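Beneath this line is the structure, given in structure tokens, with notes to follow.
The values are calculated or read from the model by the stated rules, or taken from the named source; none is laboratory data. Remember, predicted model here, so these are calculated numbers, not experimental data. All Cβ positions, even for glycine, are placed from backbone atoms using ideal geometry, and neighbour counts span all protein chains on display. Quick note on the areas: whole protein, heavy atoms, side chains included, nothing else; ligands and nucleic acids left out. Shrake-Rupley method; radii C 1.70, N 1.55, O 1.52, S 1.80 Å.
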Amino acid sequence: MINPTNLIKHIDPNKKIYIGFSGGADSTALLYLFADLRHSHSIQLEAIHVDHNLSPDNNTWESHCEKICNKLDIILHIKSVDVEVDGDGLESAARKARYKAFSDILKEGEQLLLGHHANDVAETILIRMFRGTGIDGLEGPALTRSVGKGVLIRPLLDLTKTELLEYLKNNEISFIEDSSNFESNQDRNFIRNDVIPLIEERWKNISSRIQATSEIIRDRNKSYSFLLNKSFNHLIKNEIPVQDLKKVDGEILIDILRASIREQKISLPNKKITKEIIKTFILSRPGPRSEVSWSRDDQDLPGGRIIYRDGCIVILKK
């Protein structure tokens, strides 16, 4: 049984709230839950539907979302986007276009709520593990982060897909079924449709277990970051003297670099790129043309680049 009041603890009811509303099960449950909370907590609630122009059913989905929002007396913003596929693939390109649409709407301090849940955490962590993620990647999607001038919040992370579907069924709430979600050609769909059901045959509630583990890892990472900053705060910044970095042991050096990159709100480079950074700026003699860059991968943050200037490595957004 979902307790709607538990969803409000990370929300500022005094700032406008937008629901990212696709019309699917997750965002529909989120919309209805906050529609119930709207009056008791004096919430200013609106919704955003992003049309990616990738499906022949786009117009049907848009009409469905308009019908639901009209029924609930919620203002709906519809944003049509062009998805430009780059080296990271269709899924990443669609996500980039979607977040750009969100950023264009949100004003200072406004909140965007998304319907990601425990199953999404499990899928994300498994994808990252199969791609060879570091310890930071095992944290899964963040509960809150910035998006444009506003704040993105995922209030359903403690809930499973089963709980959300039960809520929709018990309240006789309709939602859209996107047939492409059942096609396993995309990595996330393959994990959702094939891998997790197979694991569930032996270990029940695997998504909740993985989500719980991600919280433990997140807490440990926070503790380690606190200790690292306490010892090396003078090196964790966007311009770091190379000679000072050369005095630090290898593994700590990597963590200092990653902490400095994270401080600039830039996505962390993978292991291969990290080795290239060490080789270019620490093990070699860097010059004015020395540079290493990386893309955003599947993370919530922009890519980055490192250059050499006046004896320092300088961390910049890509």
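Once you have the Cα-Cα distance between Lys149 and Ser80, take 0.36 nm times their residue separation minus that, and quote the gain in nm to one decimal.
22.8 nm
Under a plain spin-label model, where a point goes 7 Å from the Cα along Cα-to-Cβ, how far apart in nm are Lys16 and Arg285?
Label at Lys16, label at Arg285, 5.8 nm between them.
Would you mind telling me the share, in percent, of accessible area of the chain contributed by carbon and sulfur at probe 1.4 angstrom?
Answer for the chain is 49 percent, counting heavy atoms of protein chains only.
GNM, the chain, Cα, under 10 Å: largest mean-square fluctuation among Asp120, Asp51, Asp104?
Asp104
Using 0.36 nm per residue, how much length does the chain from Asn181 to Lys222 gain when fully extended, once their Cα-Cα distance is taken away?
Net length gain for the segment: 11.3 nm.
Report the residues of segment 275-290 in range of a label on Val248: point 7 Å along Cα→C-beta, backbone N strictly under 13 Å from it.
Under cut-off, by backbone N: 278, 282.
Which sequence of His10, His41 reflects their accessible areas, 1.4 Å probe, from the largest down?
Solvent-accessible surface, decreasing: His10, His41.
With every protein chain present, what is the per residue accessible area of segment 1-122 (1.4 Å probe, Å²)?
Computed with neighbouring chains in place, this is 48 Å² per residue.
For the chain, what relative contact order do you get, as a whole percent, if you take Cα pairs closer than 8 Å and at least 6 residues apart?
The normalised contact order for the chain reaches 14 percent.
If a paramagnetic tag sat 7 Å from the Cα of Lys71 along the Cα-Cβ line, which residues of segment 165-192 would have the backbone N under 17 Å from that point?
Only 165-178 fall inside the zone, counting backbone N under 17 Å.
Which of these, Val147, Val195, Val83, has the largest mean-square fluctuation under a Gaussian network model of the chain (Cα springs below 10 Å)?
Largest GNM mean-square fluctuation: Val195.
How many angstrom lie between the Cα centre of segment 179-232 and the Cα centre of segment 22-43?
After rounding, the separation between the Cα centres reads 25 Å.
Please compare each pair in Lys67/Lys107; Lys15/Lys265; Lys16/Lys169; Lys246/Lys317; Lys247/Lys275 to a cut-off of 22 Å on the Cα-Cα distance and tell me which ones are over it.
Lys67/Lys107; Lys15/Lys265; Lys16/Lys169; Lys246/Lys317
As I understand it, the dipole of the chain uses +1 on the Cβ of Lys and Arg and -1 on the Cβ of Asp and Glu, about the Cα centre. Which of Val242, Gln211, Gly134 lies farthest toward its positive end?
Looking along the dipole axis, the top candidate is Val242.
Out of Phe281, Phe232, Phe130, any idea which swings most in a Gaussian network model of the chain, alpha carbons joined below 10 Å?
Its mean-square fluctuation being the largest, the pick is Phe130.
What accessible area per residue comes out for segment 248-313, rounded to a whole number of Å², with a 1.4 Å probe?
56
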